[in-house]
Amino acid sequence: MLFTSIDFAVFLVVVLAAYWLLRGRLTPQNLLLLAASYFFYGYWDVRFLYLIVISTVVDYSCAQMIDRGSMALTDRIKASGFLLASALLFVVPDYSVVQFEHSGFQLSLQVVWAQMFAQTFGWKVFAASVIAVMIANLGYARLQKLDEAHKRKGFIIASVVANLSILGFFKYFNFFADSFSAMSQTLFGITPEWYTLDIILPVGISFYTFQTMSYTIDVYRRELKASKRLIDFAAYVSFFPQLVAGPIERGKHLLPQFQKLRPVPVRDDVREGCWLIAWGLFKKLVIADNLALVVNQTFAPFDQMVAGATTPEDGLRLLVALYAFALQIYCDFSGYTDIARGTARLFGFNLMINFRLPYFATDPSSFWRRWHISLSTWLRDYLYIPLGGNRGTSLMTYRNLSLTMLLGGLWHGASWTFVIWGAYQGALLCIYRALGIDGERAGFPAWKKVLMMLFFFQLTCIGWLIFRAQNVETISIFLDSIFLHPFGSEQAWLDLKTVFFYAWFLMLFQVIQYRTGNLNPMANWHWFVRLNVWIYVIMSLLTLASSSGREFIYFAF
Amino acid sequence: MLLVFMALWICFAGEMFLRAFDPQPMLPRYVQAGDFGIRVNMPNQVYVHKTPEYRVEIRTNNRGMRANVDYTYEKPAGVKRVVVLGDSFGMGYGVKLEDTFTEQMRRKLESSLGKKVEIINLSVSGYGTAEELLMLQHEGVRYHPDLVLLAWHATDPDDNLRSGLFAVEHGKLVRRNATYLPGVKIREYLFSFAIYRWLAGNSHFYNWLRDFAGSKIKQVMATMKRTKVDSASNDSVSSKEGPDYSLSIALLDAVKLETEKAGAKLLLLEIPVRVSRTEYLPCMPEEIRRRFDVVSPIKVFQQHAGSLLYWEKSHGHFTPLGCEIVAGSLAEAATKMLATQSGNSEGI
């Protein structure tokens, strides 16, 4: 279900009304959120809900074993029952034989019952789940007898391996299989024919896998107590506002909010929640989706490029398309985060800030403190620091930075361009660190800061070129054209005009946010100014929003 | 007091926003209640349609047709008459009178037939087939047409359902509501005020709000009608294309019957749905194509891929070039039909 669809608007109103009707009752509220989140996710594909359930049950159980060394019988029954019931509900039935139609307000549901439970794959998954549950329960007594250190280590490894296996299989199997095949062809002249599988990438798998992994790691590090209540934990893992594209929440921050009653939002919460939703929709529908037309038109010939394509002459047009993509990806992703945060706020939850004006960064460290903060802090806490961080020699620090960014790049997708992008980001971090450039340090002259921002924005855009390019040739043609053929055709100026037409208000708003040091400056403004900002945003949504209905870019990650 | 100020300010700021960022097409509709229960164009009016792409003067004659001259019911000797039934496309929104496809077709017909041709354009913006049938029965046949040209638009099936003027019961077309005058009384009342006429012709915010609200209301009404029709579909005739088209097809049958009774021939024009400058889609169900003489300019439109055939910043009517192509396709078919017609329908 897309945040930008009417379906979501109806869904949100219904869930919100039911949620606040249940105010004062924690378990029913969490159950409602769990059901709503599964419905939200199942709208894409019901089968993949089972992956979320596997992650939930594995991490719920592992965390208990790590934290307490044991798991109560009732908790084991709940976890086992939840897993098996989910397999029966999400994987066994073939929902493609259910036909839901509506003509006007007349709804009809047709089910071919004979085929509903006929698919053998679903039953195989169910049988495997039964066997897994039996083994886990039969082996429980033996596992419980392990000493604490072994138990803790064993279960954290089990959790990490289980999560990474799911992620690795669904996201990276074909990538590594392709790469292996290419290597085998190059080295031995043999191309294996069996190597790829028809795997669909489940939406948001990287986001919820990282979120649930951070929970068990935090429990292992004794920074967080394991959740006793399966409902709370399952609702935390699948919380629909941030399920498919983040922010990647930490157990320490979000889980406690599921364990106690949320306060009924006061007027300021509702105002801020609504503003975040409207602002997020504005970024996505008005800016990102409209600029996508400029970007896609320019990139289209390169996306389908065949070997031997010639270098285009219009470097300026390509540069404008790069700037447009920088704005598009920012507005697409941060727009999603804003809607997620605004939606969560209406339910009384507080999600972490994921973006802090990233294009005002003066250097790569500053950029990663501002861009996709939930991922960069995750990589810092669970990868960079465990690798040694900056505690060793300079060389080791550079290695750690490069490795972290390389994996950060790979997190975005199974493609060599993402790996190169990660390597590029790592290289930038190392170079700036080696040169000792820190544009954010106090006392730095403002004009120098602005120059550094502008310069670093160009470097960021080169990164976005690597990120957006579908092949390595595109990168070289773009750089060649921009630096050696900086002509400006009429189309280039038209594209530039389009970029300013849609993005000028965002730019102005962000300059104000930056100058005031406040991400929500509206709160301090006179009501009349606020009214006019609202008018601009709402009128833009009603009249300038793109009707193309694009998915959010980060859904694919 | 504060709320009133805020409401006024929202209107003002909305107007400023639209003028700066999204100028609206201003296409006021000068219609009134006709004698036979449906809206008709106000006679003897001169008004202007303005959009970011064009500015066109609309002038109606003494019977509300978009024309510079008045026509009598009696057909002059030696004249071929073409009665045009349609909506805003038929009326020629978006182009000057001389550029409308009907006028361009007239000139081509006169040249190919070697006879004077008169266009009796009875199109009214917003019409569906149901209103076009009534217009033909009450007005069109009185002009003794040689050819009836009906412009079929993708919105017609929904318009036919929404109007509630006709229904299909036990396989037969029956009259339901005596009138269908959506907002006409209010419009007539409002148009009596100079300030409203000014708003309709000059305010971007008013025009945007009216179109926005109108489209939403239309969607809801069409959905409700479809629900009703589906509920009663057990005893209605269902064509292969579904219940929506069965009413439209029955209406077209009735148009054909009226046309033949008047000794004329019926020609349908399919107005293609524009997807982009290079892609146009048909909007007519196959059954209609099979049973009626249909002219579709899609193939010629595709030969002109990339050209501006529909306006893009208004309600998407034909440009002069689009009209020229349509007129060419129509004239070819109409020439054949009129040339083979018997002489007894010649002018009195």
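What to note about this one:
- Test result for B:Pro282, free of Cβ contacts under 8 Å to residues at least 24 places away in the same chain and not hydrophobic (A, V, I, L, M, F, W, C): yes
- Top-ranked residue in the stretch A:231-264 [being of a type in the set (Lys, Arg) and part of a loop (DSSP other than H, G, I, E, B); ranked as nearest to A:Gly335 (Cα to Cα)]: A:Arg250
- For A:Thr417, the test of being under 24 Å from A:Ile248 (Cα atoms) and either among the polar types (S, T, N, Q) or assigned to a helix (DSSP H, G or I) (or both) is passed.
- Selection of helices (runs of 4 or more DSSP H) fully inside the stretch B:1-116 by the criterion of at least 3 residues being within 14 Å of chain A (Cβ to nearest Cβ) and of a type in the set (Val, Ile, Thr) returns nothing.
- Selection status of A:Leu541, within 14 Å of chain B (Cβ to nearest Cβ) and either assigned to a helix (DSSP H, G or I) or farther than 20 Å from A:Gly342 by Cβ (or both): yes
- Boolean, A:Ser489 is touching a Ser or Thr at 6+ places or on another chain (Cβ under 8 Å) and either under 29 Å from A:Val537 (Cβ atoms) or touching a residue at least 12 places away in the same chain (Cβ under 8 Å) (or both): no
- Selection within the stretch A:449-474 - in a helix (DSSP H, G or I), touching a residue at least 12 places away in the same chain (Cβ under 8 Å) and among the aliphatic types (A, V, I, L, M): A:Met452, A:Met453, A:Leu459, A:Ile462, A:Leu465, A:Ile466, A:Val472
- Evaluating A:Tyr336 against the criteria (1) farther than 22 Å from A:Gly408 by Cβ; (2) buried (at least 24 other Cβ atoms within 10 Å of the Cβ) leaves one unmet condition, (1).
- Tabulated pairs, the stretch A:429-448, first in contact (Cβ under 8 Å) with a residue 24 or more places away in the chain, second assigned to a helix (DSSP H, G or I) and polar (S, T, N, Q), C-beta under 7 angstrom, 6+ apart or interchain: A:Leu429/A:Ser365; A:Cys430/A:Ser402; A:Tyr432/A:Ser365; A:Gly439/A:Ser366; A:Glu440/A:Ser366
Every number in this text was worked out from the coordinates using simple rules, so none of it is lab data. Keep in mind the model is a prediction, meaning the values are calculated, not measured. Cβ coordinates were reconstructed from backbone atoms using ideal geometry, including for glycine residues, and neighbour counts include every protein chain displayed.
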